[in-house]
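The values are calculated or read from the model by the stated rules, or taken from the named source; none is laboratory data. Bear in mind the structure is a predicted one, so any value in this text is a computation, not a measurement. We place every Cβ from the backbone using ideal geometry, glycine too, and count neighbours over all the protein chains shown. The area values use the complete protein model at the heavy-atom level, side chains included, leaving out ligands, DNA and RNA. Shrake-Rupley method; radii C 1.70, N 1.55, O 1.52, S 1.80 Å.
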Amino acid sequence: MELNRTILAALGAALLASAAPAHASSGELLEYDVTWVGLSVGAMTIRSEIDAAGRTTRSLHLWNRPWVALLYPVDSTVECKIEPTAEGPRYTVVKKVAEKNFFQDDTLVLYPDQGLAIWSNALAKTSYRSAVPKGSRDLVSFFFDLRDVLANGPMQVGGDYRLVMDGAIHELEIKTGEPKSIRTAQGRLKAIPVQAKSKSPTLFSRNRPESVWISTGTPAVIYADVESRFGPVRATLVKWTMDGVPVPLVSGPSKP
């Protein structure tokens, strides 16, 4: 059974944009419930912190529910640290995947302004450097860029987005649909569907992202859906706090 690795790969590349407001915060936490054919099989959290020196740490943590872990334990984390350097910002992304029959401990050091990536595999004890297109982004940054699609951030509607992940470069095309009023745990909110269509032959080859619904008022990903070979997987926002204080979601105008 590869359901939980399916959830991590698919959600990790096309879902759950961390929906922080535009201003910086010293501590942000988003919590999502992950369901498979209506059953709660896991949980995901997204954190963002900025220290006194202005360095940013963002992370994604996915694990399964105890009843699922009895048969198939999963506890996986992807963390990105962003630091300023003389060569431009340096993104250090550590990906640790732990599940019943699969383990991964990889580090990506990305210099997007320089078009340079350094990959290392702690388990295989390998490392190599590679040129990447300037402006390429990592998996965790993808989450934060997705929420900014409504504010003309790094991810542009109708444009290509280059994702550096697992030793390869994947191109995505970002599309949006018409805003609608959807039912959420916070009441009815206006939201817009966003799709990330892969141009890569390997990314999303088995797990196809469907719509990611982003609220047009307080910018947050409300739902994110993936069609996996095991059936539909959905991530639902259940809690969002900023410095420990709940963030209220409000509905926006009918047009973003």
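A few points about this structure:
- Seen from a random direction on average, the alpha-carbon convex hull of the range 27-81 projects onto 4.2 square nanometres.
- The label point for T77 and the one for S130, both projected 7 Å from the Cα toward the Cβ, are 2.6 nm apart.
- Diffusion of the range 60-100 by Stokes-Einstein, at 37 °C in a medium of 0.692 mPa s and with Rh set to the Kirkwood radius over alpha-carbon pairs, works out to 274 µm²/s.
- Computed from the C-beta positions of T35 and A86 and an R0 of 51 Å, the FRET efficiency is 0.65 to the nearest 0.05.
- Largest first, the three principal axis extents of the alpha carbons in the range 21-151 are 49, 39, 28 Å in whole numbers.
- Separation in nanometres of the label points that stand 7 Å from Cα toward Cβ, at R65 and K197: 3.5
- Structural descriptor for the range 20-113: relative contact order 18 percent, calculated from alpha carbon pairs under 8 angstrom and at least 6 residues apart.
- Remark: accessible surface ordering of L29, L110, L39 (largest first) is L39, L29, L110, probe radius 1.4 Å.
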